[in-house]
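Written below as structure tokens is the structure these notes are about.
The values are calculated or read from the model by the stated rules, or taken from the named source; none is laboratory data. No experiment lies behind these values; they were computed from the predicted model shown. Cβ placement follows ideal geometry from the backbone for every residue including glycine, while neighbour counts extend to all protein chains displayed. Just the protein is used for accessible areas: all its heavy atoms, side chains included, with ligands, DNA and RNA removed. Shrake-Rupley method; radii C 1.70, N 1.55, O 1.52, S 1.80 Å.
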Amino acid sequence: MTSVLDRPQGRHPVAGPRRRLVVVGNGMAGARAVEEILARGGADQFTITMFGDEPYGNYNRIMLSHVLSGEDSDADIFLNSLSWYRENSITLHANVRVDRIDKFTKHVFSNDGRVTPYDTLIIATGSRSHMPPMDGLYTPGGSVKHGVFGFRTIDDTRKMIQHAQQDHHRRAVVIGGGLLGLEAAYGLKSHGIEVEVVHSGGHLMNAQMGPDGGAILRRSVEALGIRVHTSSRTTAVLGKDRVSGVSLRDREDIACDMVVVAAGIRPNVDLAVLSGLPVERAIVVDDRLRVQDEDDIYAVGECIQHRGEVYGLVAPLWEQAVVLANHVTGADPSSAYLGSRTATKLKVAGVEVASMGLHGPELDTDEHIVFSEPSRGVFKSIVVRDNKIVGATLLGDSRKVAYLTQAYDRGLPLPEERISLMFDVGGPGGDVGVAELDDGAQVCNCNGVSKKALVDTVKGGCTTVSGAMDATRAGKGCGSCKLLVRQVVEWAADGAVEEDPAASYYVPGIPLDKPSLMDAIRKQDLRSVSEVFTALAPGSAEDAKSKMGLASLLKMMLADHYIDERDARFINDRVHANIQRDGTFSVVPQMKGGVTSVQQLRRIADVAEKHNVPLIKLTGGQRIDLLGIPKEDLPQVWADLDMPSGYAYGKSFRTVKTCVGKDFCRYGTGDSTKLGIEIESRFQGIESPAKLKLAVSGCPRNCAESLVKDVGVVAVEGGRWELYVGGAAGAHIRKGDLLATVDDPEEVKVLAGRFMQYYREQANWLERTYSFVPRVGIEHLRAVIVDDAEGIAAALDAAMQESVDSYVDPWGERDDPLTPGQFRTSLPLTVLPQVPVR
Amino acid sequence: MSAAPKSPGPMNPSPVNPCPTNTRLHTLGPVDQIPLGEGRAFGVDGEQVAVFRLRDGTLRALSAVCPHRGGPIADGTIDRQVVICPLHQHAFDLETGCSRTGAEPLRAYSVREDAEQNIVLHNEMNDVEN
Ligand SMILES: Cc1cc2nc3c(=O)[nH]c(=O)nc-3n(C[C@H](O)[C@H](O)[C@H](O)COP(=O)(O)OP(=O)(O)OC[C@H]3O[C@@H](n4cnc5c(N)ncnc54)[C@H](O)[C@@H]3O)c2cc1C
Ligand code: HEM
Ligand code: SF4
Ligand code: FES
């Protein structure tokens, strides 16, 4: 192939010619197979090319359930980023579909017109959502009707979230009451959508459990506010261009704005069929994962049929990937895949479900141990055959799940007293289970991490739970194995497990969580950041990463009594402006509620002209940003503006966005502008663990986007006001939870202030309200803040009042710099401005 | 404000006539122009140098431009060991300039306080052109 005229071009000349490995399908199985191949020295044997129909690197599909429910962001679920492919010299054709394989000439043909030769081929095309036959699913043009969704890909998930968040969309129907359907229903519910599940089986999750468990599961699901219809088949999707409802057989129609179809999956086998490969229910492979009768074509994942089984879970594909890699690289030609025993868990917060194997006894000699406590939603059923577990269903209590899963998976011998399988009765507890597990036992099914891999990591010196999790990725999938991971790490470290340092600390440099830190500060009467380091840090060592968080906490706790050391502040807070990429700063004067005046506008215009401001921009928070101001000019700019700071730079109360409201808007029912200005005047500049963005809207049309603010207020009919907390619409999107509905704008201010104070006292450093509110729970917040269940309302109000009283406009420092050279430039030689001038 | 090469310290015969090790000494003015725990930037021999005054009173000096995207190192947050660039939070050892976060290193200068509480910076000239 290589002629003498060819010059070596790559920087890494290879000894022998490498074979061409082509992988079709860049999902969990395809990427994992490649990882296993690389781990066996595959990079020296192969040049690797991957095709993926989706326009991304490989991500953890399992986590889409958490993305839908808002517990994870879609950016956090990537397993292989695009740079991973680059670093491993893998050519990735993302967003490209393979249409045909010519197994005789050994080429694949893709829909970008490319023809790619291979020596070895791996097919990992996975599955797709099954759309059962029903009327009205498709438009006459053949595409799926607007408002109908599958639940398989990131794009499906993003589109569902987008659709669910459109304001007029309030009701959804999920077709299918299995794992996927329930996770979809729960996810949509957390966007404030009313959800009904239509399931054709006689009880929920009928593939995983019997009717008794199903009945108890139904109660738990209904307790989440999700309606369930069993033994109902959907016959049609209603609506002309967009969904307006569904028809059921024998039942009344249900009106809805969206339909999610989660009625099973079908392996993607079109490619294999078209290319003449053996396909029954899926692509038929042997124990080496080789496609039947093909020497150079392998297949792995959900698209395969092995010994008659087709799997729909990830655990089997980790095992398959190992065997496949052993054969493809020649690392272990004796390796064989003999099938997997699978266990499933439902990823719905508050509803614990785990299931494996048989639902009930099948032979006369099978033992069946059942415990049922419907009022608490607890149900346990275990089937034992020949002193081994052959099936288990556990609802509402997951304490024994890890142990039972392993006992099932490995066929461990069982204790005589069967009751100790279900409860800790002084019998073998979790620890014994861990010690008994054999090395190959899989601890994390999502990421295929064995006990041995974890133990090796710990022996290699990684003795924190979070460290071992980072190193192995154990526990980073659905998260349900975290407890077992912890037990294994603790067992492997022989009691020498180090507590995860950063995990519970408020700031990394002080080994205390927030309550203990605040307590120590109070008890020892510490007033400044340096005093805190001296008294509480190990070795009294300062820690740069902790300074800003401590400064904020102390100011919140001590208000006027705080000794403000400027070096503890981040540069933005030292000079009261937001640093830009070129080291200049942006100046955002306060413009309460987004309302300005002729005088302000004229003054801003004059200042911008005098200082040659390179960019004048309206911010998303309804004020005017002057960008590209050199540090040394800040005091003069503030003096010329003579307006207070808008705090667009700190971890603090930022701004209140308002809509026009009832004075001008023909829909308005409340004076949103007035209330917004009052809120901003009251809480201006107070520091908090992370920034606080607020809004007030004059009616439920919500022009100020109150539902996606840290604190959002909406006027409703009858002169009442709704108060939402914990919303966000940045990198993370979350609809706020309704905290209270009140009659009086004064009450709004009190509750908003009390909520913010509680957040200031309880939240972790940099924890935005969109994480804080779901973490502590809206019911708890309502109890504390509205009903004063803990009797701390008065104290919260007083603490907030003290902060409000100690407010000083920081831009006052212009005349009297607090530290020498406070506004001296730090980049004396840079040519400014670098922000493009428009 | 940024100090041009000024009168030589007592040990150095003349700044324009480098000593055998090719080190130039620069007096950058009084230490109290740098608040405790902060940094300030100086122009020295046409280079930008960030000088930090640690909370224990000692001084450290590094080149003032972050190798990552040119961030102003003198505006960073420090402790006794590292400075953190304000733009993207890369951390650099104050003693050696080496990055703790995988960025290219900053150049480290030796710096001290003289008897008159002036900042004295040693600039080792590794280029021969001067
Ligand atoms: C919401 C959700 C939750 C889940 N939760 C769990 C869980 O809790 N536990 C569990 O064990 N499993 C769970 N699963 C199942 C798990 O995600 C799958 O078992 C796993 O992703 C299968 O991997 P795969 O590589 O075979 O298929 P996939 O991950 O689907 O990858 C196949 C890839 O191939 C691409 N492709 C297909 N055809 C072509 C072609 N012709 N050319 C190019 N590319 C092609 C596809 O676009 C896709 O990217 C869940 C699945 C979903 C959707
Ligand atoms: C370093 C990068 C960024 C800087 C310096 C920055 C700065 C700012 C500032 C100063 C404001 C406040 C304006 C005001 O208070 O009036 C603001 C508002 C906003 N920013 Fe950014 N931002 C950055 C990145 C982002 C990103 C990545 C997103 C989205 C993912 C984002 C989304 C928003 C939104 C939505 C608002 C408006 C908030 C509101 O309406 O109240 N910003 N940003
Ligand atoms: S939210 Fe309502 S009152 Fe406010 S501007 Fe929009 S329509 Fe008008
Ligand atoms: S410029 Fe310093 S960290 Fe990016």
### Message
Just to be sure I understand: of the beta bridges DSSP finds with both ends in the range A:651-808, what percent are antiparallel, rounded to 5?
### Response
60 percent
#### Entry: Whole-angstrom gap from the range A:605-669 to the range A:156-213, using each part's C-alpha centre
44 Å
## Note on the structure
Relative contact order in percent for the range A:469-627 (Cα pairs under 8 Å, 6+ apart) equals 13 percent
### Task
Using Cα pairs closer than 8 Å and at least 6 residues apart in sequence, work out the relative contact order for the range A:148-263, in percent.
33 percent
### Query
With charges only on Cβ, +1 for K and R and -1 for D and E, what is the dipole size of chain A about its Cα centre, in debye, rounded to 20?
2040 debye
#### Entry: Around A:Ile254: net Lys/Arg minus Asp/Glu count, Cβ-Cβ under 14 Å
0
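State which stretch of chain A is the longest one without any exposed chymotrypsin sites (Phe, Trp or Tyr not before Pro), exposure meaning a DSSP loop state and at most 16 other Cβ atoms within 10 Å.
A:105-422
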## Note on the structure
Among residues of the range A:538-553, a drop of 40 Å² or more in 1.4 Å probe accessible area, assembly relative to the chain on its own, occurs for A:Glu542, A:Ala544
### Message
Using DSSP to call loops (not H, G, I, E or B), can you name the GluC sites (Glu not before Pro) in the range A:248-305 whose Cβ has at most 14 other Cβ atoms within 10 angstrom?
### Response
A:Glu280
### Message
Leaving out ligands, DNA and RNA, and with a 1.4 Å probe, what % of the accessible surface on the range B:21-129 is carbon or sulfur?
### Response
46 percent
### Query
What residue among A:Val351, A:Asn387, A:Val323 has its Cα farthest toward the positive end of the dipole of the range A:323-404, where the charges are +1 on Lys, Arg and -1 on Asp, Glu, each on the Cβ?
A:Val351
### Query
What are the semi-axes of the equivalent ellipsoid of the range A:503-569, taken as the square roots of 5 times the eigenvalues of the Cα gyration tensor, listed largest first and rounded to whole Å?
16, 13, 11
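In whole percent, and with a 1.4 Å probe on the protein chains, what portion of the accessible area of the range A:250-361 is carbon and sulfur?
Solvent-exposed carbon and sulfur of the range A:250-361 make up 45 percent of the total.
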### Query
How many Å² of accessible area per residue for the range A:23-111, probe 1.4 Å?
40 Å²
#### Entry: Residues of the range B:31-46 buried by at least 50 Å² on assembly (accessible area, 1.4 Å probe, chain alone as reference)
B:Glu38, B:Arg40, B:Ala41
### Task
Give me Rg over Rh for chain A, both radii from the alpha carbons and Rh done the Kirkwood way, two decimal places.
1.00
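Given a Förster distance of 25 angstrom, what is the FRET efficiency for A:Asp564 paired with A:Asp815, based on the Cβ-Cβ distance and rounded to 0.05? Please report the intermediate quantities before stating the final value.
Values: r = 18 Å, r/R0 = 0.71.
According to the calculation, E is roughly 0.90.
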### Query
Between chains A and B, what is the buried accessible area in Å², counting both sides, with a 1.4 Å probe and ligands, DNA and RNA left out, to the nearest 100?
2500 Å²
### Message
Restricting to DSSP H runs of at least four residues, report the calculated mean residue ellipticity at 222 nm for the protein assembly as shown, -39500 (n - 2.57) per run over all residues, nearest 500 deg cm²/dmol.
### Response
-7500 deg cm²/dmol
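Here are some pairs, A:Lys452/A:Lys514; A:Lys610/A:Lys651; A:Lys555/A:Lys617; A:Lys651/A:Lys709; which of them have Cα atoms lying more than 24 Å apart in this structure?
Details: A:Lys452/A:Lys514 36 Å; A:Lys610/A:Lys651 30 Å; A:Lys555/A:Lys617 31 Å; A:Lys651/A:Lys709 15 Å.
A:Lys452/A:Lys514; A:Lys610/A:Lys651; A:Lys555/A:Lys617, as the Cα separations exceed 24 Å there.
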### Message
Can you give me the distance in nm between label points at A:Asp364 and A:Asp76, each placed 7 Å from the Cα along the Cα-to-Cβ direction?
### Response
5.5 nm
### Message
Below 8 Å, C-alpha to C-alpha, sequence gap of six or more: please give me the relative contact order for chain A in percent.
### Response
7 percent
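Only sites in a loop by DSSP and with at most 14 other Cβ atoms within 10 Å count here; which GluC sites (Glu not before Pro) in the range A:330-399 make the cut? Let's see the in-between values first.
Numbers: sites: A:Glu352, A:Glu362, A:Glu367; in loops: A:Glu352, A:Glu362.
Those satisfying the criteria are A:Glu362.
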### Query
Using a simple charge model, +1 on the beta-carbon of Lys and Arg, -1 on the beta-carbon of Asp and Glu, nothing else, what dipole does the range A:503-569 show about its Cα centre, in debye to the nearest 20?
140 debye
### Query
Measuring from label point to label point, each 7 Å out along Cα→Cβ, what is the A:Arg219 to A:Asp525 span in nm?
5.7 nm
### Helix A:544-558 vs. chain A, principal-axis angle (Cα, 0 to 90°, nearest 10)
50 degrees
### Message
Restricting to bridges with both residues inside the range B:21-129, how much of the DSSP beta-bridge set is antiparallel, in percent to the nearest 5?
### Response
100 percent
### Only Lys, Arg (+1) and Asp, Glu (-1) charged, at Cβ; the range A:651-808 dipole about Cα centre in debye
820 debye
### Message
Amide H of A:Ser652 versus every other amide H placed in the peptide plane: which residues, excluding those fewer than 5 positions away on the same chain, fall under 5 Å?
### Response
A:Ser688, A:Lys691, A:Leu692
### Task
With both partners inside chain A, how many of the DSSP beta bridges are antiparallel, as a percent to the nearest 5?
60 percent
### Task
Please say if the range B:21-129 is rounded, prolate or oblate, where rounded means a/c under 1.5 for a ≥ b ≥ c the square roots of the C-alpha gyration tensor eigenvalues, and otherwise the choice is prolate for a/b larger than b/c and oblate otherwise?
oblate
